Amino acid sequence: MREDTVSSAEWVTTSVPYLAPRGQGERDAWSAETAAKGRRGGQRIVEAGEVAAPDEIAQALGVGRGETVVVRRRVMHLDGRPCELTDTYYPVAIARGTRLAGTAKIPGGAVTLLAELGYVGVRAQEDVGARLPSDEEAAALECAPSQPVLQLLRRTLDARDRPLQADRMVMPAPLQRLRYDIRIG
């Protein structure tokens, strides 16, 4: 299906813009992507700080089970409606005491701040699966508990293959389409 034939309720996205730092004064990737498509994107940071790493996050970040990590939990909005729950986790050695551990919006986004701190991602690994939402997720996304969601787990690594961050995104499946453009050679 061509992108211009997608219904206005569906959102087509690619991960690539979310992995590169933004230039001085540029908007974060979500704001820029939604504006470029003539839509209104926003986010609400619902929590930030230190937490015990859930098992899949501990594995993704290469830390011990239950080890302390920094999380930023956000509800992403598209045209005023929740469309994604995004939890981004960072090793404490990278994020403790930085704006990543706070609830204020970060100019240019977290990837830009990471680059300013000397942490640049050069590779990402993504796992995508489908499941039913928890009751809490269904309420936050304003969807039925019987409506499947996509869960994307992304791990971003630096040039030495050290994990910089792990993102867990939950999106209503009927409203999302992920696009991967892969070049070989």
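The values are calculated or read from the model by the stated rules, or taken from the named source; none is laboratory data. From a predicted model like this one, the values you see are computed outputs, not experimental measurements. Cβ placement follows ideal geometry from the backbone for every residue including glycine, while neighbour counts extend to all protein chains displayed.
Let's see how each residue does on (1) among the polar types (S, T, N, Q); (2) outside any strand (DSSP E or B); (3) touching a residue at least 60 places away in the same chain (Cβ under 8 Å):
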residue: V120; (1), (2), (3): no, yes, yes
residue: G129; (1), (2), (3): no, no, no
residue: A159; (1), (2), (3): no, yes, no
residue: A166; (1), (2), (3): no, no, yes
residue: M169; (1), (2), (3): no, no, yes
residue: R177; (1), (2), (3): no, no, yes
>> Please go through (1) β-branched (V, I, T); (2) in contact with a Lys or Arg (Cβ under 9 Å, 6 or more places away or on another chain); (3) farther than 15 Å from R168 by Cβ; (4) at pLDDT 95 or above for V111 and return the number of the only condition it doesn't satisfy.
In response: (4)
>> Looking at (1) surrounded by 14 or more Cβ atoms within 10 Å (Cβ to Cβ); (2) under 15 Å from the mean Cα position of the chain (by Cα); (3) farther than 13 Å from V170 by Cβ, which one does V75 not meet, given that it meets all the others?
In response: (3)
> Given the conditions (1) at pLDDT 65 or above; (2) surrounded by 15 or more Cβ atoms within 10 Å (Cβ to Cβ); (3) more than 30 Å from A144 (Cα to Cα), and given that E50 satisfies all but one, which numbered condition is not satisfied?
Replying inline: (2)
> Out of all the residues in segment 84-107, which are of a type outside the set (D, E, K, R) and crowded, with 19+ Cβ neighbours inside 10 Å?
Replying inline: L85, T86, T88, Y89, Y90, P91, I94, A95, L100
>> Would you confirm, using the coordinates I've provided, whether R162 is closer than 18 Å to V63 by Cα and over 13 Å from the mean Cα position of the chain (by Cα)?
In response: yes
